[in-house]
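Following: one structure in structure tokens, then a few remarks.
No lab work stands behind these numbers, since they all come straight from the coordinates. Bear in mind that the values here come from a model prediction, so they are computed numbers and not experimental data. With ideal geometry, Cβ positions are generated from the backbone for all residues, glycine too; neighbour counts draw on all protein chains shown.
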Amino acid sequence: KAGVTQTPRYLIKTRGQQVTLSCSPISGHRSVSWYQQTPGQGLQFLFEYFSETQRNKGNFPGRFSGRQFSNSRSEMNVSTLELGDSALYLCASSKGVGTEAFFGQGTRLTVV
Amino acid sequence: QQQVKQSPQSLIVQKGGISIINCAYENTAFDYFPWYQQFPGKGPALLIAIRPDVSEKKEGRFTISFNKSAKQFSLHIMDSQPGDSATYFCAAKAMGYGQNFVFGPGTRLSVLP
């Protein structure tokens, strides 16, 4: 059974640009959550989608947004990139509420 | 109140020894407590998880001990191996909050051969 797939694995962007990251969850999983991981702040929840609807949102500015498609694949977008957005962005998939969450390998975003 | 505290920050154990990592929380609405293992360059991998209705759960060499009254839980790694060297995160999730996990800051474990 394939795991959670995130693309691309690495990205280098310039300050002020925007970026889109993609996540394909495990087959049959309908919940996709996004997390930001940095050395200083650790793992922080960005948002969660379930059946194409945003169900929860963390404490991040509106520059961070996401969406989920009918096949459960999800994308997150960061606009007007700042140097502080450099991080490992992780996607986790779950069958539904209260079930185990499985993470992908992440997308390493570097903003220069 | 949403925080999960984790200690120690780093841990060095000899091969064959027991590694113990502790976590504490304040939010009594938390009802699911997983532990994740992360190797450099990889995403976190689910190790083991527990719910508050049990005090202990064991899977292979990994055991979670849970103390609901103290709002503390810990991970024990028995017979620690060099391959266990990784960063370990405890996490917690509250009922009604979807899959919004609150993570501890992590413990870097080094198992010496």
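Tabulated values for the structure
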{"read-out": "Averaged over B:99-110, number of beta-carbon atoms from partner chains that fall within 10 Å", "value": "5"}
{"read-out": "Within 10 Å of each Cβ in B:44-51, the average number of Cβ atoms from other chains", "value": "3"}
{"read-out": "Anchor residue B:42: aspartates and glutamates whose Cα lies under 16 Å away (excluding residues fewer than 8 positions away in-chain)", "value": "B:84"}
{"read-out": "Average partner coverage of A:104-111, which counts Cβ from other chains inside 10 Å", "value": "2"}
{"read-out": "Modelled FRET efficiency - R0 25 Å, residue B:78 with residue B:12, Cβ distances, 0.05 increments", "value": "0.90"}
{"read-out": "For the stretch B:4-14, 3J(HN,Hα) per residue [Karplus equation, 6.51 cos²θ - 1.76 cosθ + 1.60, θ = phi - 60°, Hz, x = Gly/Pro]", "value": "10, 8, 9, 8, x, 6, 9, 8, 10, 10, 7"}
{"read-out": "Long pairs among B:15/B:57; A:57/B:71; B:5/B:71; B:5/B:57; B:5/B:68, criterion Cα-Cα beyond 18 Å", "value": "B:15/B:57; A:57/B:71; B:5/B:57"}
{"read-out": "Max mean-square fluctuation residue, GNM over chain A, Cα-Cα springs under 10 Å, options A:67, A:30, A:55", "value": "A:55"}
{"read-out": "Residue A:63/residue B:61 FRET efficiency (R0 45 Å; Cβ-Cβ; nearest 0.05)", "value": "0.55"}
{"read-out": "Packing-based ranking, highest mean first, of A:39-48, B:37-46 given that Cβ atoms within 10 Å are counted", "value": "A:39-48, B:37-46"}
{"read-out": "Viscosity 1.306 mPa s, temperature 10 °C, Stokes-Einstein D of the protein assembly as shown from Kirkwood C-alpha radius, µm²/s", "value": "88 µm²/s"}
{"read-out": "Residue-span extension gain [residue B:69 to residue B:87] - 0.36 nm each, minus C-alpha spacing", "value": "3.8 nm"}
{"read-out": "Spin-label proximity, residue A:17 to the stretch A:28-71 - amide N less than 19 Å from point 7 Å beyond Cα toward beta carbon", "value": "A:63-65"}
